[in-house]
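The values are calculated or read from the model by the stated rules, or taken from the named source; none is laboratory data. Because the structure is predicted, anything quoted here is derived from the model rather than measured. So basically every Cβ, Gly included, is an ideal-geometry build from the backbone, and we count neighbours across all protein chains shown. With ligands, DNA and RNA removed, areas are computed over all heavy atoms of the protein, side chains included. Shrake-Rupley method; radii C 1.70, N 1.55, O 1.52, S 1.80 Å.
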Amino acid sequence: MPLALLALAVSAFGIGTTEFVMMGLLPQVADDLGTSVPTAGYLVSAYAIGVVLGAPLLTALGSRVPRKRMLLLLMALFTVGNLASALAPGFGWLIAGRVLAGLPHGAFFGLGAVVAARLVREGRQARAVATMFLGLTVANILGVPAATLLGQHLGWRATFLVVSVIGLLAMAALARLVPHVPVDERQSLGREVRALRRPQVLLGLLTAVFGFAGVFAVYSYLASMTTEVMGFGDSTVTVVLALFGLGMTGGALAAGPLTDRALRPTLYGSLAALVLALVAFRFTIHVPWLALVTVVVLGAVGFMTTTPLQMLVMNKAKDAPTLASASNHSAFNLANAGGAWAGGAAVAAGWGWTSPTLVGAVLTVVGLAIAAVAGLLDRDRGTTEGASRVVAQSPLAEASPAAGQQVSSSSPASGS
């Protein structure tokens, strides 16, 4: 794998840390800014709003900007957003900082996935994309717990200052390691929008919204489940979240080669396994050691869905994958918000802290059904699939370029 993927992974680590760390800092932020914890919870939603809005908007605005330069601009915006959050004089300014930090999230991952796929030879695209996403999973194992502890001891502002430094380091890595990737001459905003409107792309995005919502229906309330149902103390919550992150990392490592080998079977299998794990958690949660094992499994099968979903929308968008790829991250954040809302509604209705597991299973079944319908439509049209189909539709390198070299847009391998 080329070193450029390391730069993308470092960037993903910073983005993942700032996305999830706010959940652990809400009490400190609420106390410091003189508001309630539920009100401070809007800071989580503010970031998600930034992602949903920024993914299509910034991708459209940067459709003709060279890929490496666009990645640097997006990471610069991310760094400024976190610095603004650290220096925010009041709650309203912090809301604005969180929205600003979230704006480049979807566009960066969407463009980063396309760039990662162009850096490797045919048959390894999904592994390259999964390598970038490893930074996101490692953030849940190391970045979020460490940043939470830092915020608890030195104040929440220190956390966002450190994330800003990570952003600067990521920019340096991107500038040094990512080669020049030219814009496809055929690419245009109209072409990207038309690709986004293709039925199979929309079905892929809907699969992400419902399928991944099942993960966040449970993850959003995992801390409360740990103390209220499993019977562990508050100090164990960080350990449980880290176990979930370990599972995510394992799922990401497995998803790459599996998706390269068989995209749709990997998607079907991971969604089906997620349904089974969510239902099982309803019962294993009452046995502490079984509950911890199930948490790892949930993280693994839940995150295993992300790589095939990412590759699916890129394949279906064919020669205009960037906007569809970025929009997939808007879909994931809608899944985060929708899953958290559905799980919370079940708890508020008096169904108990275990009810989000069954709510999540129902949501994932809907996602699996949408994926199955999309697969049947493809079969009716005689379409065959593999993760490498994107190679034939967009300029990908036959071999990994050395750091600093240009990925040629005129070579036979690139097709542009």
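Against the definition (part of a helix (DSSP H, G or I), polar (S, T, N, Q) and in contact (Cβ under 8 Å) with a residue 40 or more places away in the chain), how does Ser270 come out, yes or no?
no
Regarding the range 125-139, can at least one residue be identified that is among the charged types (D, E, K, R), under 22 Å from Pro257 (Cα atoms), modelled with pLDDT of 85 or more and touching a helix residue (DSSP H, G or I) at 6+ places or on another chain (Cβ under 7 Å)?
Within the range 125-139 (the criterion being among the charged types (D, E, K, R), under 22 Å from Pro257 (Cα atoms), modelled with pLDDT of 85 or more and touching a helix residue (DSSP H, G or I) at 6+ places or on another chain (Cβ under 7 Å)), the answer is yes, since at least one residue qualifies.
Restricting the search to the range 104-137, which residues are of a type outside the set (Ser, Thr, Tyr), open to solvent by 10 Å² or more (accessible area, probe 1.4 Å), in a helix (DSSP H, G or I) and over 13 Å from Glu19 (Cα atoms)?
Arg127, Leu134
It is to be established whether one or more residues within the range 69-88 are outside any helix (DSSP H, G or I), more than 20 Å from the chain's Cα centre (by Cα) and not aliphatic (A, V, I, L, M).
The answer is no, given that none of the residues of the range 69-88 is outside any helix (DSSP H, G or I), more than 20 Å from the chain's Cα centre (by Cα) and not aliphatic (A, V, I, L, M).
Can you find a residue that is open to solvent by less than 50 Å² (accessible area, probe 1.4 Å), over 28 Å from Ala128 (Cα atoms), in contact with a Phe, Trp or Tyr (Cβ under 6 Å, 6 or more places away or on another chain) and touching a residue at least 24 places away in the same chain (Cβ under 8 Å) anywhere in the range 225-248?
Checking the range 225-248: at least one residue is open to solvent by less than 50 Å² (accessible area, probe 1.4 Å), over 28 Å from Ala128 (Cα atoms), in contact with a Phe, Trp or Tyr (Cβ under 6 Å, 6 or more places away or on another chain) and touching a residue at least 24 places away in the same chain (Cβ under 8 Å).
If we keep just the residues of the range 24-38 that are touching a residue at least 40 places away in the same chain (Cβ under 8 Å) and in contact with a Leu (Cβ under 9 Å, 6 or more places away or on another chain), which is farthest from Leu87 (Cα to Cα)?
Filtering the range 24-38 for residues that are touching a residue at least 40 places away in the same chain (Cβ under 8 Å) and in contact with a Leu (Cβ under 9 Å, 6 or more places away or on another chain), the one farthest from Leu87 (Cα to Cα) comes out as Gly24.
Which residues, counting only those in the range 81-92, are buried (at least 16 other Cβ atoms within 10 Å of the Cβ) and not aromatic (Phe, Trp, Tyr)?
Gly81, Asn82, Leu83, Ala84, Ser85, Ala86, Ala88 - these are the residues of the range 81-92 that are buried (at least 16 other Cβ atoms within 10 Å of the Cβ) and not aromatic (Phe, Trp, Tyr).
Going through Gly92, Gly54 one at a time, which residue ends up being assigned to a helix (DSSP H, G or I), free of Cβ contacts under 8 Å to residues at least 12 places away in the same chain and farther than 18 Å from Val21 by Cβ?
Every option except Gly92 fails the conditions.
Collect the residues in the range 295-327 that are part of a helix (DSSP H, G or I) and of a type outside the set (A, V, I, L, M), keeping them in residue-number order.
Gly299, Gly302, Phe303, Thr306, Thr307, Pro308, Gln310, Asn315, Lys316, Thr322, Ser325, Ser327
What number of residues within the range 197-210 are of a type in the set (A, V, I, L, M, F, W, C) and open to solvent by 40 Å² or more (accessible area, probe 1.4 Å)?
3
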